[in-house]
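**Q** A single structure is presented below for examination.
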Amino acid sequence: MGLDNYIESAVSGLLKNPLLEVLRDIKITRILKQSNFTKRDVGYAPFQIILHFVYMLVMNKRQSTFVKQSDNAFGKDTYYRFIKEARYNWRKLLLLSSHALIQRVQPLHRAGEHRLLIIDDTVEPKRGKQIEGSCKYIWSNKEHRQVNGLNVVSLNFSDSHSTFQVDFAIRMGKHRRKEINTFSKSLHHRSNAYQRRVEGLKGKNTLALEMVERALSQGIVADYLLVDSWYAKPDFLYEAEAMGISVIARLSNNERIWNFKGKQKSLNAIYTTLSKVRHKSHGSYGKIRYRYFDAIVEHQVLGKVKLVFLHTGKDLLVFISTDIALSAKEIIATYKKRWNIEQGYKDLREHFGFGKEENRLYEALIARITISMFTYNLVSYINRINHEPQTLGELFRDLECELETLAISMQLFLKLLTKISEIENVVKENKNILTIIAVLSAYTKKELGVMCES
C-alpha cells in the first residue's frame, strides 16, 4: 500500500462530511447525468458547483463572502453562469433526489402511519419590476395584504417524522409584470427551460395535479393527498382519485361549488339537519376545543364521500375524504399534518435562502429555489437518520459549525505541516513530508468539497 493510501485510510475514519456522505449514498452523480447536468469541454463539474451552493447555505455565507473566504472556491462568474444555464433540468434533479432520499427512509416507516403528499402555495415578495415570473397584486396570507412577488406552488412528502420538498412551480397570473414572450423568445419551444416558463400560465389546480402525477409516476408512494380549500374542487378531487390517491381536504362553504344529492344539498343544510340527530364527539387542538361528527353523502361527480363537520364554538369547518373507510377522528388527525408544509416554508425562509434569491432571470430563480429545497431535503434526511432528531434549525446550526470546524481545522493543520517542511533539517530527515502535505490537501478537498477559512 502506497503512502497516499495509508493516509487516506487513516483520515477517512476521522474526516467525515455528513452532507457528502448522503450525496454519495443517493448516487448524486448519476442523478445529475439523468437531469442533463453534464460537464462540457471546459469548466468545472456540475457536482462540485452544486456542492458549493449547498455549503453556502449550510455555512450561512453569501456567494461573494464564500468566494473571498474559500481557497478552493471558483470565480463568481462560474456560479452565475451555472444558475443561468438553460439546458439543466432542475425539476428532474429535485424529483429524483427527493425520491432517492424517501426510499432510504422507507425502512424507518412505522406501520399504521400515513405517508402523505401535501399541496400548498406561498408568496415571496419581490420588489424588482424586471424580475421574470413576478406578479402584482398577489394576496399574501403571511402578510395579510396584496404584494408584488412570486407565487410558488409546491408539493411536499411527509410521513409524520420527515418532510421532503418534491416539486414546485412558479404560477404567473394575469397581473404578471413581464410577459412570457419577452423572456422566452430565445428558447426552443421544446426545451425544458421553455416548458418551465409557459407552465406558469396554467391554473394552480392544474399545476398541482401535474406535480402529483409526476411524483406518483416516479414511484413515490403515498396514502393520501392533503389540500386546502383553494384546491378542494370536485374536478380536482376526481382527477386525483383517478390517479389512485385518495384526497383529504378542507372545503369552502360555497353552494356554487359544493352541491350534493338528496334533500339537503348544501353544506349548511346537511349540518343543520344532522347536527340535531348525530352524536357529537369532542376533541382539542392546542387550546382550541371542538365538537365534530361525520356523514357519508353522495356527490354527482365524486360519488360517495365522507364529510366531517367540526365546530369550534365560533366557526364551522368542513372536511372531506374520498376514502369513506376512514373515521372522522382519523380524517381530522391526518389533515392536521398539512401544517408540515407551512413549517417547511418557515424553515426554508429562515435557514435555506428561500425568498432571498437575488436574481432577475427566470432560470436563475428556478435554480436557486431548487438548490434551497435540495439542501432542505439533505438536512431533513440527516435529521431523520440521527438517533436523536432535532428541529431543522438546531441541526442546521450544528452542521454549519461542524463543516466550518472541519475546514478550518484541516486548513490550520496543513499550514502547520507546511511550516514544519520549511525547516531544512526536518526535510532532510523525512523526505516524505512534502508528499504527505500534498496528499492530505487533496484528500481534504475531496472529502469536504472546499477549504473555507473563518
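**Q** Have a look at E402, E330, E358 and point out the one that is among the acidic types (D, E), at pLDDT below 90 and more than 30 Å from S184 (Cβ to Cβ). First the steps, then the outcome.
**A** On the way: E330 fails: at pLDDT below 90; E358 fails: more than 30 Å from S184 (Cβ to Cβ).
From the options E402, E330, E358, the qualifying one is E402.
**Q** Can you confirm whether L216 is closer than 25 Å to A325 by Cβ and modelled with pLDDT of 95 or more? Before you say what the answer is, go through the steps one by one.
**A** On the way: closer than 25 Å to A325 by Cβ: yes; modelled with pLDDT of 95 or more: yes.
The answer is yes for L216.
**Q** Let me spell it out: the conditions are (1) modelled with pLDDT under 95; (2) open to solvent by 40 Å² or more (accessible area, probe 1.4 Å); (3) hydroxyl-bearing (S, T, Y), and T206 meets all of them except one. Which number is the exception?
**A** (1)
**Q** Scan the stretch 315-335 residue by residue and report those that are touching a Ser or Thr at 6+ places or on another chain (Cβ under 8 Å) and surrounded by 17 or more Cβ atoms within 10 Å (Cβ to Cβ). Write out each step before concluding.
**A** Looking only at the stretch 315-335, we keep the residues that are touching a Ser or Thr at 6+ places or on another chain (Cβ under 8 Å), and these are 321-323, 326, 328-329, 331.
Answer for the stretch 315-335, where residues must be touching a Ser or Thr at 6+ places or on another chain (Cβ under 8 Å) and surrounded by 17 or more Cβ atoms within 10 Å (Cβ to Cβ): S321, T322, D323, L326, A328, I331.
**Q** Name the helices (runs of 4 or more DSSP H) wholly inside the stretch 33-142 in which the number of residues that are open to solvent by less than 10 Å² (accessible area, probe 1.4 Å), touching a Ser or Thr at 6+ places or on another chain (Cβ under 9 Å) and not basic (K, R) is 1 or more.
**A** Numbers: elements: 46-58, 63-69, 76-84, 90-105.
Qualifying helices (runs of 4 or more DSSP H): 46-58, 90-105.
**Q** Sort out which residues of the stretch 183-231 are of a type in the set (A, V, I, L, M) and assigned to a loop (DSSP other than H, G, I, E, B), and write them in order of number. Quick ask: steps written out before the conclusion?
**A** First, pick out the residues of the stretch 183-231 that are of a type in the set (A, V, I, L, M): 187, 193, 198, 201, 207-209, 211-212, 215-216, 220-222, 225-227.
Passing the criteria: L187, I220, V221, A222.
**Q** Note down all Cβ pairs under 7 Å where the first residue falls in the stretch 82-105 and is touching a residue at least 24 places away in the same chain (Cβ under 8 Å), the second is open to solvent by 30 Å² or more (accessible area, probe 1.4 Å) and of a type in the set (A, V, I, L, M, F, W, C), and they're at least six residues apart or on different chains.
**A** Between residues of the stretch 82-105 that are touching a residue at least 24 places away in the same chain (Cβ under 8 Å) and residues that are open to solvent by 30 Å² or more (accessible area, probe 1.4 Å) and of a type in the set (A, V, I, L, M, F, W, C), the close pairs are K84/L361; A86/L187.
**Q** Related question: Residue check: is R256 basic (K, R), within 28 Å of L155 (Cβ to Cβ), open to solvent by 30 Å² or more (accessible area, probe 1.4 Å) and over 32 Å from the mean Cα position of the chain (by Cα)? Explain how you work it out, then say what you get.
**A** On the way: basic (K, R): yes; within 28 Å of L155 (Cβ to Cβ): yes; open to solvent by 30 Å² or more (accessible area, probe 1.4 Å): yes; over 32 Å from the mean Cα position of the chain (by Cα): yes.
Here the answer is yes, as R256 does meet what is asked.
**Q** Can you pull out the residues in the stretch 265-292 that are open to solvent by less than 70 Å² (accessible area, probe 1.4 Å), farther than 17 Å from V305 by Cβ and in a strand (DSSP E or B)?
**A** Correct list: S281, G283, S284, Y290.
**Q** Any residue that is open to solvent by 60 Å² or more (accessible area, probe 1.4 Å) and either in contact (Cβ under 8 Å) with a residue 12 or more places away in the chain or under 19 Å from the mean Cα position of the chain (by Cα) (or both) - is there at least one of those in the stretch 183-190? Spell out the reasoning first.
**A** Keep residues of the stretch 183-190 that are open to solvent by 60 Å² or more (accessible area, probe 1.4 Å), which gives 185-186, 188-190.
Subsequent filtering for residues that are either in contact (Cβ under 8 Å) with a residue 12 or more places away in the chain or under 19 Å from the mean Cα position of the chain (by Cα) (or both) retains none.
Within the stretch 183-190 (the criterion being open to solvent by 60 Å² or more (accessible area, probe 1.4 Å) and either in contact (Cβ under 8 Å) with a residue 12 or more places away in the chain or under 19 Å from the mean Cα position of the chain (by Cα) (or both)), the answer is no, since none of the residues qualifies.
**Q** A further question on this structure: Regarding I366, is this residue crowded, with 17+ Cβ neighbours inside 10 Å, modelled with pLDDT under 90 and within 26 Å of N89 (Cβ to Cβ)? Quick ask: steps written out before the conclusion?
**A** On the way: crowded, with 17+ Cβ neighbours inside 10 Å: yes; modelled with pLDDT under 90: no; within 26 Å of N89 (Cβ to Cβ): yes.
Taking the combined requirement at face value, the residue does not satisfy it.
**Q** Let me ask another. Does V301 fit the bill of being of a type outside the set (D, E, K, R), closer than 19 Å to P234 by Cβ and in a strand (DSSP E or B)? Can you show your working first?
**A** Values: of a type outside the set (D, E, K, R): yes; closer than 19 Å to P234 by Cβ: yes; in a strand (DSSP E or B): no.
Criteria not met by V301.
**Q** For D223, state whether it is of a type in the set (D, E), touching a Ser or Thr at 6+ places or on another chain (Cβ under 8 Å) and open to solvent by less than 20 Å² (accessible area, probe 1.4 Å).
**A** On the way: of a type in the set (D, E): yes; touching a Ser or Thr at 6+ places or on another chain (Cβ under 8 Å): yes; open to solvent by less than 20 Å² (accessible area, probe 1.4 Å): no.
No, not satisfied.
The values are calculated or read from the model by the stated rules, or taken from the named source; none is laboratory data. Just so we're clear, the structure is a prediction, and the values are computed from it rather than from any experiment. Cβ sites come from the backbone with ideal geometry, for glycine too, and all protein chains shown count toward neighbours. With ligands, DNA and RNA removed, areas are computed over all heavy atoms of the protein, side chains included. Shrake-Rupley method; radii C 1.70, N 1.55, O 1.52, S 1.80 Å.
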